[in-house]
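Right, one structure below, let's go through it.
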Amino acid sequence: MIYFVSDQKRLFESDRIKDSTIEEGILYCSKLESIGVDTETTGFQPHGDRILLIQIGDNNNQWVIEGTNDNLQKLKPLLLEKELILQNAKFDLRFLYKQNIFPSKIYDTFLAESVLYMGYQKGSIRKDLKTLGKKYCDADLDKSVRGKIHRVGFTEEVLVYSAEDVAYLHEIKRKQLELIKEKDLEVALKLENAFVQALSYVEFCGYI
């Protein structure tokens, strides 16, 4: 189920989306070992752009939360405590740093795929979420919504798209880890997941 948290009133009815509170989302995710996390932003630069939505959850339930400063600060203790599963963590971390949120436990599905297939002899392997969702979950993710989120507002299409960005992360992680262990790459992945935090901070501070 998709849950929406916002001070704005929804202008549509949907069997797929229920209104909720941030407290309910925090309570649910506090019981999880790892949390799928994603953000939708107005652009690519954390110092000039902002978080429109932040999504948290797992394969069963996803909370799509309006990215107000108040909501982000309420989420802060949860984001600091739990392991966060992200796709291309470097992007989202920089926006969290802007909110003075510095998570320390990261699993990046993008980096895990890179560890598994970097240097693959048949050429470049795609590591975007659409590709990983299809490969590991047989999910057909529609990414065409991405470019118009900041223009169309919080429509049903946008909320479903945003929720799907976290709905498959746990399963992708589980199947990646099976391959990581099979290939004895746990140490390499651990280093990559630690380094992405440092690299994100360096870029956040202005290194080019």
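Laboratory data are not the source of any read-out in this text; all were calculated from the coordinates shown. The structure presented is a predicted model; accordingly, all values stated were derived computationally and were not measured. With ideal geometry, Cβ positions are generated from the backbone for all residues, glycine too; neighbour counts draw on all protein chains shown.
Quick check on the exposure proxy: order E203, E182, E40 from fewest to most C-beta atoms within 10 angstrom.
The order, fewest Cβ neighbours first, is E182, E203, E40.
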Worksheet item: For the pair H150 and N69, how long in nm is the line joining their label points, each one 7 Å along Cα→Cβ?
Response: 1.9 nm
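Per residue, how much space in cubic angstrom lies within the convex hull of the C-alpha atoms of the chain? Before the final figure, lay out each step's value.
Details: hull volume 26.7 nm³, N = 208.
Cα-based convex hull of the chain, divided per residue, equals 129 Å³.
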Item to complete: Between E186 and D128, take the C-beta separation as r, use R0 = 22 Å, and let me know the FRET efficiency to the nearest 0.05.
Response: 0.40
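Could you compute the longest span of the chain free of chymotrypsin sites (Phe, Trp or Tyr not before Pro) located in DSSP loops and having at most 14 other Cβ atoms within 10 Å, not counting the site residues? Mind showing how you got there, number by number?
Details: sites that count: F12, F44, Y120, Y207.
The answer is 121-206.
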Worksheet entry | Low-density loop positions, trypsin sites (Lys or Arg not before Pro), the stretch 69-151 - DSSP coil, at most 12 other Cβ in 10 Å | K122, R126
Worksheet item: Using a Gaussian network model of the chain with C-alpha springs under 10 Å, which one of T68, T109, T39 is most mobile by mean-square fluctuation?
Response: T68
Response to the item:
Cβ density ranking, 10 Å radius, fewest first, applied to L177, L141, L79 yields L177, L141, L79
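Using DSSP to define loop residues, name the trypsin sites (Lys or Arg not before Pro) in the stretch 1-73 whose beta-carbon has at most 10 other beta-carbon atoms within 10 Å.
On the way: sites: K9, R10, R16, K18, K31, R50; in loops: K9, R10, R16, K31, R50.
Answer in residue order: K9, R16, K31.
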Discussion item. Placing unit charges on C-beta atoms (Lys and Arg positive, Asp and Glu negative, everything else neutral), compute the dipole magnitude of the stretch 1-92 about its Cα centre in debye, rounded to 20.
Written reply: 80 debye
Worksheet, complete the sentence: For the pair D138 and L27, the simple spin-label estimate (label points 7 Å beyond Cα toward Cβ) gives in nm 3.6 nm
Item to complete: Using label points projected 7 Å from each Cα along Cα→Cβ, tell me how many nm separate E203 and L80, to one decimal.
Response: 2.4 nm
Practice prompt. Tally the DSSP beta bridges in the stretch 1-127 and give the antiparallel ones as a percent, rounded to 5.
Written response: 45 percent
Response to the item:
The exposure ranking of V187, V5, fewest beta-carbon neighbours within 10 Å first, is V187, V5
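Can you compute the FRET efficiency between N59 and R16 using 1/(1 + (r/R0)^6), with r the Cβ-Cβ distance and R0 = 22 Å? Round to the nearest 0.05.
Numbers: r = 15 Å, r/R0 = 0.68.
With R0 = 22 Å, the Cβ-Cβ based efficiency is 0.90.
With n ≥ 4 as the cut-off for DSSP H runs, can you work out [θ] at 222 nm for the chain, using -39500 (n - 2.57) per run divided by the number of residues, rounded to the nearest 500? Don't jump to the answer; show the numbers that get you there.
Values: 9 runs with 99 residues, N = 208.
One gets -14500 deg cm²/dmol as the mean residue ellipticity at 222 nm.
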Practice prompt. Can you tell me how much longer the chain between F102 and Q45 gets when fully stretched, taken as 0.36 nm per residue apart minus their C-alpha distance, in nm with one decimal?
Written response: 18.8 nm
Discussion item. Set the bar at 20 Å for Cα to Cα. Now go through K105/K173; K135/K183; K143/K183 and name every pair that lies beyond it.
Written reply: K143/K183
